[in-house]
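Chemist: Let me give you the structure first, and then I'll get to my questions.
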């Protein structure tokens, strides 16, 4: 299951619909607190999260989720090109296409 977290409903819905169409099981969360609730109910294989959100940033969310799921795969989404991420992080630059989303998710899950 892929957990898509973004406070922008349009981006979140696009990613969820695209990933569902590609055959993935998807859950959505509009904020980090909601994502943590989803994570406590089910264990996603991949977290696709925006970096900048009002309640907590995506990097902090990923760190917190990895406490209970050390093998969780992470893909960060951002509209800012100047973000410094830890080496090896998968980053999807917004706006993105269906093909770019699918390629990055497949790479993260392989």
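Chemist: Residues being touching a residue at least 24 places away in the same chain (Cβ under 8 Å) and part of a helix (DSSP H, G or I): count how many of those fall in the stretch 93-108.
Modeler: The number of residues fulfilling the criteria is 6.
Chemist: Shifting gears a bit: Pick out the one residue from 13, 27 that is outside any loop (DSSP other than H, G, I, E, B) and surrounded by fewer than 17 Cβ atoms within 10 Å (Cβ to Cβ).
Modeler: After applying the criteria, what remains is 13.
Chemist: Can you confirm whether residue 8 is more than 10 Å from the chain's Cα centre (by Cα) and closer than 18 Å to residue 92 by Cα?
Modeler: yes
Chemist: Working only within the stretch 31-50, note down all residues that are under 24 Å from residue 80 (Cα atoms) and buried (at least 20 other Cβ atoms within 10 Å of the Cβ).
Modeler: Passing the criteria: 32, 35, 46, 47, 48, 49, 50.
Chemist: Would you confirm whether or not the stretch 57-72 contains a residue that is under 23 Å from residue 99 (Cα atoms) and in a strand (DSSP E or B)?
Modeler: Among the residues of the stretch 57-72, not one is under 23 Å from residue 99 (Cα atoms) and in a strand (DSSP E or B), which makes the answer no.
Each reported figure results from applying straightforward, stated rules to the coordinates on display, with no laboratory input. Computed from a predicted model, the values in this text were never measured in an experiment. Note that we place each Cβ from the backbone using ideal geometry, even for glycine, and neighbour counts take in every protein chain shown.
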